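Student: Please see the structure below; I have some questions.
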Amino acid sequence: MNKNKVNSIIKYLESKKCYNIDYYDLKNKNFIFDQCVVATCLNARHLNSIKDELEDFLSQKKVSIHHVEGKNESGWIIIDCNEIIFHLFTEDERNRIKLDELFNYSFENVK
């Protein structure tokens, strides 16, 4: 996915009150997907709302969604668009999973 489209999606998430948004460029470093966005939502209700709204926004941007995994009660939802994956967390779940530590250790963080 081109950087302009990624930036527009990140700006969209920011406009919807997501915070601590990180973008990871994994091209040529990961054989499963090329890019990843990790964002924190305010609470489980916000997480579910963001999931639905992001799915609509991605559709408008002509980004096909391959798979959605997780429930708002879990605190972690994954939206897999093949070349880019979105990890949406509540703050508690993001702190518990520590996915950023894995990405920061293994890959370049490109904010």
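Values in this text are rule-based calculations from the coordinates and carry no lab data. This one's a predicted model, so the numbers in the text were calculated from it and none came from an experiment. No Cβ is skipped: glycine too gets one built from the backbone with ideal geometry, and neighbour counts run over all protein chains shown.
Student: Can you show me the helix-derived [θ] at 222 nm for the chain, built from DSSP H runs with n ≥ 4 at -39,500 (n - 2.57) apiece and divided by the number of residues, rounded to the nearest 500.
Tutor: Details: 4 runs with 45 residues, N = 111.
Rounded to the nearest 500, the figure is -12500 deg cm²/dmol.
Student: Suppose every Lys and Arg Cβ carries +1 and every Asp and Glu Cβ carries -1, with no other charges. What dipole size does the chain come out with about its Cα centre, to the nearest 20 debye? Display every interim value, and only then the final one.
Tutor: Values: 16 positive and 18 negative charges, 61 e Å.
In debye, rounded to 20, the chain gives about 300.
Student: Take E91 and N2, extend 7 Å from each Cα along the Cα→Cβ direction, and tell me the distance between the two endpoints in nm.
Tutor: 3.7
Student: Another one. In segment 3-106, what percentage of the DSSP-assigned beta bridges are antiparallel, given to the nearest 5? Can you show the working numbers first?
Tutor: Numbers: 13 of 20 bridges.
Counting DSSP beta bridges with both partners in segment 3-106, the antiparallel share is about 65 percent.
Student: Give me the number: length gained by fully extending L102 to A44, i.e. 0.36 nm times residue separation minus the C-alpha to C-alpha distance, one decimal in nm. Don't skip to the answer; put the middle values down first.
Tutor: On the way: separation 58, 0.36 × 58 = 20.88 nm, distance 2.36 nm.
Here the answer is 18.5 nm.
Student: While we're on this one: Once both labels are modelled 7 Å past Cα along the beta-carbon direction, what's the E14-H67 spacing in nm?
Tutor: 3.2
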